[in-house]
1. Just the Cα atoms of the stretch 394-458: what Rg and Dmax do they give in Å?
2. Count the DSSP beta bridges whose two residues both fall in the chain, then state the antiparallel fraction as a percent rounded to the nearest 5.
3. So what's the gap between the Cα centers of the stretch 156-210 and the stretch 28-86, to the nearest angstrom?
4. Please give, to one decimal in nm, the separation of the simple spin-label points placed at T18 and D166, each 7 Å out from Cα toward the Cβ.
5. Go ahead and estimate [θ] at 222 nm for the chain from helices alone: -39,500 (n - 2.57) per DSSP H run with n ≥ 4, summed, over the residue count, rounded to 500.
6. Which of V523, Q302, G89 sits closest to the plus end of the dipole of the chain, meaning its Cα is farthest towards the positive end, when Lys and Arg get +1 and Asp and Glu get -1 on the C-beta?
7. In whole angstrom, how long is each semi-axis of the equivalent ellipsoid of the stretch 40-163, when you take the square root of 5 times every eigenvalue of its Cα gyration tensor and sort them from largest down?
8. Counting only Cα, what are the radius of gyration and maximum Cα-Cα distance Dmax of the chain, in Å?
Amino acid sequence: MPKGSDLLVAALANEGVTRIFGVPGEENLDVVESLRGSKIELVVTRHEQAAAFMAATYGRLTGKPGVCMTTLGPGALNLTTGAAYALLGAMPMVMITGQKGIMKSQQAGFQIVDVVSAFRPLTKMSRQIVSTATIPTLVREAFRIATEERPGPILLELPEDIAGEDAEPAAMVPQHPIEIPIANRASLDRAAEMILAAKRPLIMLGAAASRPRSTAGIGDFVRRTRIPFFNTQMGKGTVPGGTNLYMGTAALSERDYVHEAVDQADLIIAIGHDTIEKPPFIMGPKGPLVIHVSYTPANVEQVYFPQCEVVGNVGPSLELLADRVEGRLPDAGALIGLRESILSRIGDRSTEDRWPMTPQRIVHDVRQVIPEDGIIALDNGMYKIWFARNYRTYVANTVLLDNALATMGAGLPSAMMASILYPERRVMAVCGDGGFMMNSQEMETAVRLKLNLVILILEDSAYGMIRWKQAVDGFPDFGLTFGNPDFVKYAESYGAKGSRVTSCNDLIPTLEAAFRGRGVHLVVVPIDYSENKRVLVDELRAKVKPVQ
């Protein structure tokens, strides 16, 4: 007779799950045994947080929920950052946690935390399984809700006595296709009128534009209208950056060079913008009109209050919108004359031979060794702004960064997940020394899984972004520096390879050698962050402040 854990694993297999990431505990042993006899691979990580980051990244890249598993109490609570990462970043994920038995209590309150309640604000649904008979239905509902717009994380808690309980055989709940409605005709007509009336239109591509199901329709809309576009940090790559319509990335909220186009636009078509992402531009009373195009209605904020909303399946809705305006936009390219000036100034000093290396040079050199379909996964730090501004993308979801929760520690696990999914592509984690050390133990996991992965550590021996902000705000330099291990020896201690770059001209050949050598290779390079103040403060402050 099957038991509850067998039903759970069968229900996961019914959803197409092939891997579960996590750190099992005593309360999961029945589930572990059921997995042992299944075709689902259990990928044991060295920390629960990394398991959640990997599962969330699977959801981001595939559009299907990734799955992670932990024990009760302390193990479950280690998922909280990953849950918030997936919730704010709109990544579908299912978390399965253990719990002491609910039919009897032989250990009193030992390790017991109300995990279900703790995760309610961090998930789309948080439920305890109290009966084996409900397992197939709850799993099907969990995957459906995780995937629905807006995607996000689900928590299912399986107590150990329910997992080990004999269960009557139960039929799995079949999946069925769910078609997302297309935008209302009236909203399409209204948006078309605004586009036809615009003299200086501009497209913005946000986080939701990078959904795997979205990108083809969005690219067609840009090509058919010939309206120039810019993107948010999480919208990079949605439409190839190599097109002559690309105007740049809004790595800051205002007063960067791309905002010269934003400030002159009289209409912005915001595709897939989610206000959870740091504002790419700030609407004011005299600012441009905005059309919100997305799967869900706009969240109206002080800095974002669109005048028109086109809500529905983005790709097909944009196709209908393009039908209404294609060939009727003589002013579509009115802002394209700003493009060369914007992009040339962003690329300033990108080949400068300064040591330690500048962020611009590092971004430039990384771009040289990563093919168009290669993937970089950025941790969170000052370099993320530089990569967002300066790194050109040509394929959707080839720059994995987090501009919603913006947590440190996610870069390495995200890159590991990308390498698992795309073993023949070049994949690189780009981490500051601070963020890398938050989950550096996962190097052992990467080596054990025999991944092909390069980890680039930008070393400044400080929490550089906060230290920069401390200086900008006029505070004394205090409390944000630290020491580091010998990163080359550290990598070798895990069975990986390690290299230290000692001159500007060594970075490209070192990275090339690391990729050609395959396996896990850590490359550390010192970084000079003095450019932060020169470019992102002094240079941008010298620009004329736009009138709102």
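A short reminder: the numbers here are calculations on the coordinates, not readings from a lab. Bear in mind the structure is a predicted one, so any value in this text is a computation, not a measurement. Here the Cβ is made from the backbone with ideal geometry for all residues, glycine too, and neighbour counts use every protein chain on show.
1. Spelled out, the Cα radius of gyration and Dmax of the stretch 394-458 are 11.5, 32 Å.
2. Just about 5 percent of them are antiparallel.
3. 23 Å
4. For T18 paired with D166, the spin-label model returns 3.7 nm.
5. -10000 deg cm²/dmol
6. Q302
7. Values: eigenvalues 106, 50, 32 Å².
Semi-axis lengths for the stretch 40-163 are 23, 16, 13 Å.
8. 24.3, 76
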